[in-house]
Amino acid sequence: MNFTLKAKFNLAITSHHKHTHQRPLKIIMKSKIIPSLLILLGAGLLISQNPKGENAPNGAEEKIAQAIPAAAHAKPAAPRKMLLFSATAGFRHQSIATGKIALAELGKKTGAYETVVSDDLANFDADKIKQFDVICFLSTTQDVFTPKDIKKLSPDEAKSAQEKSLTYRKNLMEFIESGKGFVGIHAATDTLYNWPEYGRMIGGYFDGHPWNAGTEVQIDVEKGQEKHPLAAMFDGQSMNFKEEIYQLKDPYSAKRQHLLLRLNVEKSAKVGGLKRKDGDYAVAWARHQGKGRVFYCSLGHNHEMYWNPKILSHYLAGIQWAIGDFKAEVTHTID
């Protein structure tokens, strides 16, 4: 089932069974209704789509409403649509529920994009994927394109599922390389290890998190990027908070992406289990994939990330750049 948040708060629920239909849910707004109430209404409908027990913390909607930028970084050249996909075949983050609200409302309130919140793999069919301008993998994990119960399927069913998985992969990569956008948040690098092309596209694979959710960390703007459009919202200032930070493995290379944020190891809590001899613990970057644009940020484990004003502004900049509306120079030496 798809859940769509439109810019004027007209909501539609779309079913992808044999027949597709829409049942618009119109909400009449009065000028006296505060933005946080509107977000609360939208959040309630989003929560109804979540797995049992997966909810944003109490008060999250109001905090998100207060943190969302007042305007988009750039005026959309045309109405834009983002698929927000959070399927998991491994660990599932509780903060996904909060991330759904934040990212959907980020587009709606600023007018930057409309969001379709759905884990329906039918959206990766060739005739459906083309409706989107950008696809966001929100803390996806493992092989999201293959059924978890594939071992329980009959040989013919398993073969069909594997063929579909390959088709979804092909369609996603063609979508990006044709000139569309891809955004990865947090565990999107903990995804599709069995598809090396995905690892190269997103910029690397998860290799553990020495800095756990309760660890104090310092995140710095990459030197020389203080005025870059995708990092300018930080004003060159470091951020200090508790958050889970990843280390990455091949095919990660700083030369393959335009780095924006990185962990300051020396000024973060001392931890064990560090694997990178080069001390390179990148947090956010942008890169090109064919004619398309890829933005990744590993921040997003803790709920609090989704109501941090600067991080939301960073997400928005990355999404709008991936779509193609927000112009920024992105360079890397290795494709």
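The values are calculated or read from the model by the stated rules, or taken from the named source; none is laboratory data. The model shown is predicted, which means the values in this text are computed figures rather than measured ones. Quick reminder, even Gly has a Cβ in these numbers, built from the backbone with ideal geometry, and neighbours come from all protein chains shown.
Just one of the listed residues (181, 214) is under 24 Å from residue 323 (Cα atoms) and in contact with a strand residue (DSSP E or B) (Cβ under 7 Å, 6 or more places away or on another chain), and it is 181.
For segment 272-287, a residue qualifies if it is closer than 16 Å to residue 219 by Cβ and exposed (fewer than 15 other Cβ atoms within 10 Å of the Cβ), and exactly one does: 279. Here residue 237 passes the criteria (1) crowded, with 22+ Cβ neighbours inside 10 Å; (2) without any contact (Cβ under 8 Å) to a residue 60 or more places away in the chain; (3) part of a loop (DSSP other than H, G, I, E, B) except the one numbered (1). Scan segment 288-325 residue by residue and report those that are crowded, with 21+ Cβ neighbours inside 10 Å, in contact with an Asp or Glu (Cβ under 8 Å, 6 or more places away or on another chain) and either modelled with pLDDT under 95 or not in a helix (DSSP H, G or I) (or both). Those that are crowded, with 21+ Cβ neighbours inside 10 Å, in contact with an Asp or Glu (Cβ under 8 Å, 6 or more places away or on another chain) and either modelled with pLDDT under 95 or not in a helix (DSSP H, G or I) (or both): 292, 299, 301.
From the list 72, 112, the lone residue that is within 27 Å of residue 295 (Cβ to Cβ), in contact with a Pro (Cβ under 8 Å, 6 or more places away or on another chain), crowded, with 16+ Cβ neighbours inside 10 Å and modelled with pLDDT of 95 or more is 112.
Taking the stated definitions as given, is residue 246 within 20 Å of the chain's Cα centre (by Cα), of a type in the set (Phe, Trp, Tyr) and either at pLDDT below 95 or under 21 Å from residue 301 (Cα atoms) (or both)? Taking the combined requirement at face value, the residue satisfies it. Checked against the criterion of being of a type outside the set (Phe, Trp, Tyr) and either under 30 Å from residue 55 (Cα atoms) or loosely packed, with under 15 Cβ neighbours inside 10 Å (or both), the candidates 232, 254, 269, 328 yield just one match: 269. So for segment 253-261 (the condition being part of a loop (DSSP other than H, G, I, E, B) and either under 30 Å from residue 178 (Cβ atoms) or in contact (Cβ under 8 Å) with a residue 24 or more places away in the chain (or both)), does at least one residue qualify? Checking segment 253-261: at least one residue is part of a loop (DSSP other than H, G, I, E, B) and either under 30 Å from residue 178 (Cβ atoms) or in contact (Cβ under 8 Å) with a residue 24 or more places away in the chain (or both). Residue 99 meets the conditions (1) among the small types (Gly, Ala, Ser); (2) in a loop (DSSP other than H, G, I, E, B); (3) in contact with a Leu (Cβ under 7 Å, 6 or more places away or on another chain) in every case but one. The failed one is (2). For segment 213-225, the set of residues classified as in contact (Cβ under 8 Å) with a residue 40 or more places away in the chain and assigned to a loop (DSSP other than H, G, I, E, B) consists of 213, 215, 222, listed by residue number.
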